[in-house]
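Below is one structure, written out as structure tokens; comments come after it.
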Amino acid sequence: MYSRIAGTGSYLPEKVLTNHDLAKMVDTSDEWIVARTGIRERHVAADNEVASDLALAAGQRAIASSGLVADDIDLIIVATTTPDMVFPSTACILQSKLGISGCPAFDVQAVCSGFVYAMTIANMFIVSGQAKNALLVGAEVYSRILDWNDRTTCVLFGDGAGAVVMSASEEPGVLATKLHADGGYADKLSVPGWVCGGKTIGSPFVQMDGGSVFKFAVRVFDEVAREILEAAKMSVADVDWFIPHQANIRIMEATARKLKLPLERLISTVDRHGNTSAASIPLALDESVSAGRIKRGDNLLLEGVGGGFTWGGVLVRY
Ligand code: ACO
């Protein structure tokens with residue numbers, strides 16, 4: 001038994017914030033942001049939109065594209081760093097908004113690697129016979145945890161959601177997965193705040209050592225790609241599409257060059273979405289599926305890296 005991608009969906013909030021808009025808010029420029037990151041614009045959620053709203057829109061589209069109905073879903077995993085509330089989980093809130101109940105529902109907190117963590121977990125549920133149709137969603141409202149006066153972070157992120165339905169199948173499916181974490185890097189990328197006694201202690205905003213993240217990401221994207229391909233007994237030449245976490249075009253292109261993977265096979269949406277953390281991989285996947293670029297039978301290499309640090313990947317035949 002394998003787990004296969006049965007359907008995909010995504011949702012982007014209506015409001016678009018361009019680099020030119022940001023240049024009116026902080027001391028930055030379109031030229032700087034494009035040259036350093038490849039980002040031109042990002043979407044920002046409305047004040048009344050929360051992660052589960054974005055997740056609902058993306059999830060409903062993924063369920064419809066898989067030919068299923070919400071009642072067929074027997075596992076819900078939401079990867080998010082920006083949950084609706086401390087608890088219950090955004091996955092439970094999503095389950096209720098979908099009008100279903102009973103199936104397990106939980107959040108995964110692995111920051112920008114959240115979606116590959118969720119896919120790996122869902123694959124294990126499905127191949128062990130404990131689920132047949134899993135809904136996985138990466139949903140983020142990073143606009144809520146950015147200091148809009150800090151030009152070193154506020155230009156990088158965006159809001160959005162991407163979703164995938166994974167179903168049990170006799171056809172592959174997920175071919176190999178690999179996850180890692182090293183909490184020794186916790187202070188390099190964090191939101192070091194928490195709620196205590198009715199107050200926020202520490203900072204509620206993203207703090208980042210950009211240079212360290214950059215170097216680490218390029219190294220582990222390359223290493224984990226090799227690990228996964230070896231586990232699947234495949235080579236870079238077998239990868240039809242590389243969909244890394246969309247943080248920075250320079251990180252993605254440097255990885256592709258290290259892997260000797262032609263840039264035409266690198267999927268990038270960072271120019272229009274910015275870094276949407278756990279949502280970036282399923283957003284890029286859904287966009288490419290909808291555009292007809294990704295076709296049934298194509299081998300996709302998905303890779304994430306993020307706060308923790310966490311990193312990992314999934315090789316999956318679409
Ligand atoms: N506009 C203009 N100037 C800026 C801006 C800005 N938005 N931000 C920083 N600068 C300035 C800096 O102050 C610095 O000025 P100085 O030389 O006078 O001190 C100069 O630009 C260079 O800054 P660097 O930080 O050295 O720039 P760098 O080329 O390293 O690019 C960046 C910074 C884009 C953040 C890069 O390090 C990066 O992309 N790192 C990875 C970040 C990332 O992927 N984060 C998300 C991880 S995913 C997750 O888990 C959430």
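Here the condition is being under 16 Å from the mean Cα position of the chain (by Cα) and either crowded, with 18+ Cβ neighbours inside 10 Å or at pLDDT below 95 (or both); of ALA139, ALA105, ALA131, it holds for ALA139 alone.
Contact annotation: residue pairs with Cβ atoms under 7 Å, 6 or more positions apart or on different chains, pairing a residue in segment 73-90 that is more than 17 Å from ALA58 (Cβ to Cβ) with a partner that is assigned to a strand (DSSP E or B), are ASP74/ASN133; VAL86/VAL195. One residue stands out among those in segment 180-217 that are assigned to a strand (DSSP E or B), open to solvent by less than 60 Å² (accessible area, probe 1.4 Å) and free of Cβ contacts under 8 Å to residues at least 40 places away in the same chain: the one that is nearest to VAL111 (Cα to Cα), which is GLY193. Applying the condition of being under 22 Å from GLY129 (Cα atoms) and of a type outside the set (A, V, I, L, M, F, W, C) to segment 59-96 and asking which residue is most open to solvent (accessible area, probe 1.4 Å) yields ASP71. Is segment 155-165 home to any residue that is out of contact with any Leu (no Cβ under 6 Å at 6 or more places or on another chain) and in a helix (DSSP H, G or I)? No.
Condition check for THR255 on (1) closer than 23 Å to ILE121 by Cα; (2) in contact with a Phe, Trp or Tyr (Cβ under 6 Å, 6 or more places away or on another chain): one failure, at (1). Put simply, of LEU56, LEU12, LEU17 the only residue that is more than 19 Å from ILE281 (Cα to Cα), buried (at least 16 other Cβ atoms within 10 Å of the Cβ) and either away from the ligand (no atom under 16 Å from the Cβ) or not assigned by TED's automatic domain parsing to the domain that holds GLU287 (or both) is LEU17.
Of all residue pairs spaced 6 or more apart or on separate chains, none has beta-carbon atoms under 8 Å together with a first member in segment 241-259 that is in the same structural domain as TYR142 (by TED's automatic domain parsing) and a second member that is surrounded by fewer than 24 Cβ atoms within 10 Å (Cβ to Cβ) and at pLDDT 95 or above.
Condition check for ALA254 on (1) in a loop (DSSP other than H, G, I, E, B); (2) open to solvent by 10 Å² or more (accessible area, probe 1.4 Å): one failure, at (1).
Please verify whether ALA291 is under 23 Å from VAL34 (Cβ atoms) and either touching a helix residue (DSSP H, G or I) at 6+ places or on another chain (Cβ under 6 Å) or of a type outside the set (A, V, I, L, M, F, W, C) (or both), treating the condition exactly as stated. The answer is no for ALA291. A single entry from SER101, SER96 fulfils the requirement of being out of contact with any strand residue (DSSP E or B) (no Cβ under 6 Å at 6 or more places or on another chain), assigned to a helix (DSSP H, G or I) and among the hydroxyl-bearing types (Ser, Thr, Tyr): SER96. Exactly one residue among ASP159, ASP150 is out of contact with any Lys or Arg (no Cβ under 7 Å at 6 or more places or on another chain), charged (D, E, K, R) and surrounded by 20 or more Cβ atoms within 10 Å (Cβ to Cβ), and that residue is ASP159. Residues that are in a loop (DSSP other than H, G, I, E, B) and within 15 Å of the ligand (Cβ to nearest atom) were ranked within segment 283-318; the one that is surrounded by the fewest Cβ atoms within 10 Å (Cβ to Cβ) is GLY308. Considered as a group, the residues in segment 23-33 that are in contact with a helix residue (DSSP H, G or I) (Cβ under 7 Å, 6 or more places away or on another chain) and touching a residue at least 12 places away in the same chain (Cβ under 8 Å) include one that is surrounded by the fewest Cβ atoms within 10 Å (Cβ to Cβ), and that residue is ASP27.
With the structure loaded, tell me whether SER277 is among the polar types (S, T, N, Q), within 21 Å of CYS112 (Cα to Cα), within 16 Å of the ligand (Cβ to nearest atom) and in contact with a Cys (Cβ under 7 Å, 6 or more places away or on another chain) or whether it fails that test. Yes, satisfied. Of the residues making up segment 34-53, those that are exposed (fewer than 14 other Cβ atoms within 10 Å of the Cβ) and within 30 Å of ILE76 (Cα to Cα) number 3.
The values are calculated or read from the model by the stated rules, or taken from the named source; none is laboratory data. Please read all numbers here as calculations on a predicted model, not as lab measurements. Ideal geometry is used to build each Cβ from the backbone, glycine not excepted, and the neighbour counts take in all protein chains shown. Side chains included, ligands, DNA and RNA excluded: accessible areas come from the protein's heavy atoms. Shrake-Rupley method; radii C 1.70, N 1.55, O 1.52, S 1.80 Å.
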